[in-house]
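Trainee: Quick one: the structure is below, and I'll ask about it shortly.
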Amino acid sequence: MDITRRPKLESKNVRLSYYNERLKRQLQVLDGIDLTVFEGELVAIVGPSGCGKSTFLNAVDGLAKPNSGEIRVDGKLIASPGPDRAMVFQQDSLFPWYTVERNVGYGLELQRRTTKDDMRRRSASLIELVGLSGFAQHYPHELSGGMRQRVNIARALAPDPELLLLDEPFAALDAQTREFMQVELLKILARARKTALFITHQIDEAIFLADRVVVFSARPARVKDIVTVDLPQERTLEVKLQPRFRELYNHVWRLIQEESARSGFALADGAD
């Protein structure tokens, strides 16, 4: 990572809690999150189940409002959702009655800032970018799970956001397709020159994809550690066979295991 690059995302002392009606008390989810993501980085966030990873992503997207602290993208304070950020969820959420072309162009259609011809050209360019040339007129039910998620990524890229937010986008895919999509995502982000924040439960996925892995503590979430992934910049699946990959995996696993034990949820030992 080149630390001379300018910050794309800055989170400073972000705290967030909400009132639980059933328990009749405030539940704190985020407890002072400090994090900087630099331009062109892919940063992955991992941590114990329920620690607040998705809540933090929602706060970055403007869907959840922190009680204190601030989040900025390109120096601008985040107060609500905006076109400078785009979210990719676990489920592809495509409109079944729209073709691939219409699904990809949907965000542009809502913005009404371009002509139909420009929307078609932009959609065609993104469909090619995500490796789906020839499928523009297909419907979602005619595509595999991995292809639908590629359409979902293309749709998120259509408004040309500054920051791509990915909330376990490959969790619903089978293991083989998931690994293929990890490689494809890196290619897509490199071509599109995008910065990304990626949430996952899979430690190996985080290490394979990320420039840095942020480990959250058990709820309320704090940044327990930030692990620099010192693996080759050009990632292929063979990287997962390298001893250094296993060392990084074990290190991150132990950090999460410590937090899970502290919160009273014991994990089976998954590290060699």
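The values are calculated or read from the model by the stated rules, or taken from the named source; none is laboratory data. Here the structure is a predicted model, which means the values were calculated and not measured. Here the Cβ is made from the backbone with ideal geometry for all residues, glycine too, and neighbour counts use every protein chain on show.
Trainee: Which of (1) of a type outside the set (D, E, K, R); (2) part of a loop (DSSP other than H, G, I, E, B); (3) more than 30 Å from R121 (Cβ to Cβ) is the odd one out, the single condition L94 does not satisfy?
Mentor: With (1) of a type outside the set (D, E, K, R); (2) part of a loop (DSSP other than H, G, I, E, B); (3) more than 30 Å from R121 (Cβ to Cβ) applied to L94, the lone miss is (3).
Trainee: Still on this structure, please answer the following. Name the residue, out of G82, G62, G69, that is farther than 17 Å from A156 by Cα and surrounded by fewer than 21 Cβ atoms within 10 Å (Cβ to Cβ).
Mentor: G69
Trainee: May I ask you to say which residue of P81, P96, P140, P66 is of a type outside the set (F, W, Y) and within 18 Å of the chain's Cα centre (by Cα)?
Mentor: Of P81, P96, P140, P66, the one residue that is of a type outside the set (F, W, Y) and within 18 Å of the chain's Cα centre (by Cα) is P81.
Trainee: Also: Hey, does region 8-30 have a residue that's under 15 Å from the mean Cα position of the chain (by Cα), in the same structural domain as I256 (by TED's automatic domain parsing) and not charged (D, E, K, R)?
Mentor: yes
Trainee: OK, next. Look at region 219-256 and say how many of its residues are touching a residue at least 40 places away in the same chain (Cβ under 8 Å), part of a loop (DSSP other than H, G, I, E, B) and out of contact with any Phe, Trp or Tyr (no Cβ under 8 Å at 6 or more places or on another chain).
Mentor: Going through region 219-256 one residue at a time, the tally reaches 3.
Trainee: Just give me the residues in region 249-272 being of a type in the set (A, V, I, L, M), farther than 12 Å from V46 by Cβ and modelled with pLDDT of 50 or more, in sequence order.
Mentor: Selection gives A261 alone.
Trainee: In this structure, is T195 in contact (Cβ under 8 Å) with a residue 24 or more places away in the chain, surrounded by fewer than 14 Cβ atoms within 10 Å (Cβ to Cβ), of a type outside the set (D, E, K, R) and within 24 Å of E10 (Cα to Cα)?
Mentor: For T195, the condition - in contact (Cβ under 8 Å) with a residue 24 or more places away in the chain, surrounded by fewer than 14 Cβ atoms within 10 Å (Cβ to Cβ), of a type outside the set (D, E, K, R) and within 24 Å of E10 (Cα to Cα) - is not met.
Trainee: Can you list the helices (runs of 4 or more DSSP H) found entirely within region 109-204 that contain at least 2 residues being out of contact with any Leu (no Cβ under 6 Å at 6 or more places or on another chain) and in the same structural domain as E41 (by TED's automatic domain parsing)?
Mentor: Filter on region 109-204 gives 175-192.
Trainee: Taking region 115-141 only, how many residues are surrounded by fewer than 14 Cβ atoms within 10 Å (Cβ to Cβ) and at pLDDT below 85?
Mentor: Total meeting the criteria: 4.
Trainee: Tell me, yes or no, whether region 173-185 has at least one residue that is buried (at least 22 other Cβ atoms within 10 Å of the Cβ), under 14 Å from the mean Cα position of the chain (by Cα) and farther than 21 Å from G146 by Cα.
Mentor: No, region 173-185 contains no residue that is buried (at least 22 other Cβ atoms within 10 Å of the Cβ), under 14 Å from the mean Cα position of the chain (by Cα) and farther than 21 Å from G146 by Cα.
Trainee: For region 128-157, what are the residues that are more than 14 Å from E184 (Cβ to Cβ) and in contact with a Lys or Arg (Cβ under 6 Å, 6 or more places away or on another chain)?
Mentor: If the condition is that a residue be more than 14 Å from E184 (Cβ to Cβ) and in contact with a Lys or Arg (Cβ under 6 Å, 6 or more places away or on another chain), then P140 is the only one that fits.
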